[in-house]
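Since the structure comes first, as structure tokens, the remarks are kept for the end.
The values are calculated or read from the model by the stated rules, or taken from the named source; none is laboratory data. None of the values given here were measured: they were computed from a predicted structure. Because the Cβ atoms are built from the backbone with ideal geometry, glycine has one as well, and the counts that use them run over all protein chains shown. Side chains are part of the model used for accessible areas, which takes the heavy atoms of the whole protein and leaves out ligands, DNA and RNA. Shrake-Rupley method; radii C 1.70, N 1.55, O 1.52, S 1.80 Å.
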Amino acid sequence: MPRIDETRPFLPVNIAILTISDSRTLANDTSGQALNDMITRDGHKVVRREIVKDEIALITGQLKHWIADPEVDVVISSGGTGVTGRDVTPEAFEQVFEKKIDGFGELFRWISFQKVGTSTIQSRAVGGVAGGTYLFALPGSPSACRDGWDEILKHQLDNRFRPCNLTELMPRLQEHLKQAG
């Protein structure tokens, strides 16, 4: 049964928030602010926050910058996961992934289905890892960000969550580099 192991100390994770939008600013970025509030409420640290336009080169550039930043453990984005012509977030993320976490998008859509029904097929939420950094792309609505954080990421980024969590795997994400060298 999933649970929090209270005998383990909580370890905060450093998270960067990326809003992908052609129209949002920090003043009206409700999804980015919702993520910021939930992340800090749950004891983690927001170490970076940016807004970039819906352009693959801008998104991949920001992702690569944060992947190279030793202070960033996780990137969570909002926006650009739909099916319109300007929605290119999944394509950008997949260009930088070393490994895709298929279960993230699958679970997000299952949770979303229970709230919005078949409209969930319009979401292309994705997750993966690159350079030892977890990368998660959520849809741009505050409610989708709440679903992604409260139902999935809040637990998987808590080192006390049992039976297992993504945080405890962080030291092993770059094992392939040690073996190659």
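Quick check, is S143 touching a residue at least 12 places away in the same chain (Cβ under 8 Å), among the polar types (S, T, N, Q), open to solvent by 40 Å² or more (accessible area, probe 1.4 Å) and touching a Lys or Arg at 6+ places or on another chain (Cβ under 8 Å)?
It is true that S143 is touching a residue at least 12 places away in the same chain (Cβ under 8 Å), among the polar types (S, T, N, Q), open to solvent by 40 Å² or more (accessible area, probe 1.4 Å) and touching a Lys or Arg at 6+ places or on another chain (Cβ under 8 Å).
Here is a yes/no grid of residues against (1) surrounded by 14 or more Cβ atoms within 10 Å (Cβ to Cβ); (2) over 17 Å from T60 (Cβ atoms); (3) charged (D, E, K, R):
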{"residue": "T84", "(1), (2), (3)": "no, yes, no"}
{"residue": "K100", "(1), (2), (3)": "yes, no, yes"}
{"residue": "G103", "(1), (2), (3)": "no, yes, no"}
{"residue": "F113", "(1), (2), (3)": "yes, yes, no"}
{"residue": "V116", "(1), (2), (3)": "yes, yes, no"}
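Please tell me if H155 is out of contact with any Pro (no Cβ under 9 Å at 6 or more places or on another chain) and not in a loop (DSSP other than H, G, I, E, B).
So H155 does not fit the description; no.
Checking A92 against (1) in contact with a strand residue (DSSP E or B) (Cβ under 7 Å, 6 or more places away or on another chain); (2) under 12 Å from L18 (Cβ atoms); (3) open to solvent by less than 10 Å² (accessible area, probe 1.4 Å); (4) assigned to a helix (DSSP H, G or I), only one condition comes out false. Which one?
The one condition A92 does not meet is (1).
Does G61 count as open to solvent by less than 10 Å² (accessible area, probe 1.4 Å) and not in a loop (DSSP other than H, G, I, E, B)?
Criteria not met by G61.
Among the residues of segment 70-100, write down those that are β-branched (V, I, T) and in contact (Cβ under 8 Å) with a residue 60 or more places away in the chain.
V72, V74, V75, I76, T89
Taking F136 and the conditions (1) at pLDDT below 95; (2) buried (at least 22 other Cβ atoms within 10 Å of the Cβ), which numbered condition does it fall short on, given that it satisfies the others?
(1) is the only condition that F136 fails.
Go through the residues of segment 10-28 one by one and say whether even a single one is surrounded by fewer than 16 Cβ atoms within 10 Å (Cβ to Cβ) and in a helix (DSSP H, G or I).
Scanning segment 10-28 turns up no residue that is surrounded by fewer than 16 Cβ atoms within 10 Å (Cβ to Cβ) and in a helix (DSSP H, G or I).
Residues checked against (1) of a type in the set (D, E, K, R); (2) modelled with pLDDT under 95; (3) within 30 Å of F10 (Cα to Cα):
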{"position": "I59", "(1), (2), (3)": "no, no, no"}
{"position": "L63", "(1), (2), (3)": "no, no, yes"}
{"position": "T84", "(1), (2), (3)": "no, yes, no"}
{"position": "E94", "(1), (2), (3)": "yes, no, no"}
